[in-house]
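Everything below concerns the one structure shown next.
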Amino acid sequence: MPQQWLERSKEAVATVSPAFNAQRMVKDYVRTYYAPASERAATMQKDGYEAAAELAAWRQHINNHWHTLYFNARAAQDTLKQIGDSIVVETVLNSRDIDLTDLRVELVYSPEADELQDNLRAVPMSCAETYPDGGCLYRAEFKPAISGRLAYGTRVYPVHDHLANDFDTRLIRWG
C-alpha cells in the first residue's frame, strides 16, 4: 500500500467525518426545521388560536383583493454600465384595497443566461413618490454584485409575520 495515500485518506476521514455525519444532520434538522415549526405551532395555538385566526382573516383579505392590484415595471435604461456603476429600476404599484405594509416590492436579478431561474439576487425597493390615486412609484438603485449581462424583473408579494415563509401565500406579481 502506498504510505502517502494512506496518510491522506486517514487525514480526510479525521477532518471530514465530523462535518458529515448523522448526528450533525439531525442537529441541523432540529435547528432549521423542527424547532421553528414547534415555535410556530405554539404561536398559532396561543390565546385560543388568536394568531391563526388573524392569519386566516388576513389570507382571505389578500386572496379577495389580489386581482385588483396594479403592478407595472418601467424599463431601465439599456446602456452599457461599468463595474461599480449604479443601476436604477422603477416600478409602479397601486395596491388598492391591500395595505402597503402587507406587501414587499423587490427588484430581482440574475446573470442573463440564468433567465431569473437560478442565482437570484433580490434588492428591496422603496416608495419614492406617491400618486393622488394611492399608487406609488417604487425605486431601487443598486450596484450589481455580479458582472456581465443581467436579466432582471420586479416583483410584489404579500408578507405577514405569521406566514411560514415569504412565499407561503403562493401569490406573486411580476412587473
Check your understanding: Carbon and sulfur together cover what percent of the accessible area of the range 1-154 at a 1.4 Å probe radius?
Key -> 52
Review point. Hey, what number do you get for the chain at 222 nm if only DSSP H runs of n ≥ 4 count, each worth -39500 (n - 2.57), divided across all residues, to the nearest 500?
Key: -10000 deg cm²/dmol
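If I take R0 = 30 Å and measure r between the Cβ atoms of D85 and I172 in this structure, what FRET efficiency does the formula 1/(1 + (r/R0)^6) give, to the nearest 0.05?
Details: r = 29 Å, r/R0 = 0.96.
Between D85 and I172 the formula returns 0.55.
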Revision key, fill the gap. Checked against the positive end of the charge dipole of the range 1-106 (+1 on Cβ of Lys and Arg, -1 on Cβ of Asp and Glu, about the Cα centre), the farthest of T91, V16, N64 is V16
Review point. Between the range 25-57 and the range 115-175, what's the alpha-carbon centroid distance in Å?
Key: 27
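So if R0 is 30 Å, what FRET efficiency would Q45 and R104 give, r being the distance between their Cβ atoms, rounded to the nearest 0.05? Spell out each step's value before the answer.
Values: r = 27 Å, r/R0 = 0.90.
FRET efficiency, Q45 to R104: 0.65.
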Point to revise | Theoretical gain in end-to-end length, E11 to D118 [0.36 nm per residue, Cα-Cα removed] | key: 35.0 nm
Exercise for review: Quick one: which residues, 5+ away or cross-chain, put their amide H under 5 Å from the amide H of D168? H built at 1.01 Å from N.
Suggested key: none
Exercise for review: Hey, could you get me the Stokes-Einstein D for the range 66-169, Kirkwood radius over alpha-carbon pairs, 25 °C and 0.890 mPa s, rounded to whole µm² s⁻¹?
Suggested key: 166
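Using the heavy atoms of the protein chains alone and a 1.4 angstrom probe, what is the accessible area of the chain per residue in square angstrom? List each step's numbers first, then the result.
Values: 11980 Å² over 175 residues.
With all protein chains present, the chain gives 68 Å² per residue.
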Check your understanding: Which chymotrypsin sites (Phe, Trp or Tyr not before Pro) does the range 20-100 hold that lie in a coil by DSSP with at most 14 other beta carbons within 10 Å?
Key -> F20
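Please compute the length gained on full extension between H65 and M1, using 0.36 nm multiplied by the number of residues separating them and subtracting their Cα-Cα distance.
Using 0.36 nm per residue and subtracting the Cα-Cα distance, I get 15.9 nm.
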Study note, to complete from the structure: With +1 on the Cβ of every Lys and Arg and -1 on the Cβ of every Asp and Glu, the dipole magnitude of the chain about its Cα centre, in debye rounded to the nearest 20, is 520
Practice item. Provide Rg over Rh for the chain; use the alpha carbon set for both Rg and the Kirkwood Rh (inverse mean inverse pair distance). Key: 1.15
Review point. Size of the dipole of the range 97-170 about the Cα centre, Lys and Arg at +1 and Asp and Glu at -1 on the beta carbon, nothing else charged, in debye to 20?
Key: 320
Check your understanding: Please identify the chymotrypsin sites (Phe, Trp or Tyr not before Pro) of the range 141-175 that satisfy two criteria: DSSP loop assignment and at most 16 other Cβ atoms within 10 Å. Which are they?
Key -> F167
Review point. Using Cα atoms only, what is the angle between the long axis of helix 3-16 and the major principal axis of the chain, expressed in degrees (0 to 90) to the nearest 10?
Key: 40
Check your understanding: Any idea which of P111, G148, T169 is furthest toward the positive side of the dipole for the range 89-175, if Lys and Arg beta-carbons carry +1 and Asp and Glu beta-carbons -1?
Key -> G148
**Study point:** Net charge dipole size for the range 91-133 [Lys, Arg +1 and Asp, Glu -1 on Cβ; Debye, nearest 20]
**Key:** 120
**Study point:** Karplus-derived 3J(HN,Hα), 6.51/-1.76/1.60, for each residue of the range 17-34, Hz, glycine and proline x
**Key:** 4, x, 8, 10, 8, 5, 4, 5, 4, 5, 4, 4, 4, 4, 5, 8, 10, 5
Study note, to complete from the structure: Output for the range 5-111: trypsin sites (Lys or Arg not before Pro) sitting in coil per DSSP, at most 16 other Cβ within 10 Å, listed by number, reads K81, R96
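The values are calculated or read from the model by the stated rules, or taken from the named source; none is laboratory data. Predicted model only: the values in this text are computed from it and were never measured. Neighbour counts are summed over all protein chains in view; Cβ atoms, including those assigned to glycine, are modelled from backbone coordinates with ideal geometry. Quick note on the areas: whole protein, heavy atoms, side chains included, nothing else; ligands and nucleic acids left out. Shrake-Rupley method; radii C 1.70, N 1.55, O 1.52, S 1.80 Å.
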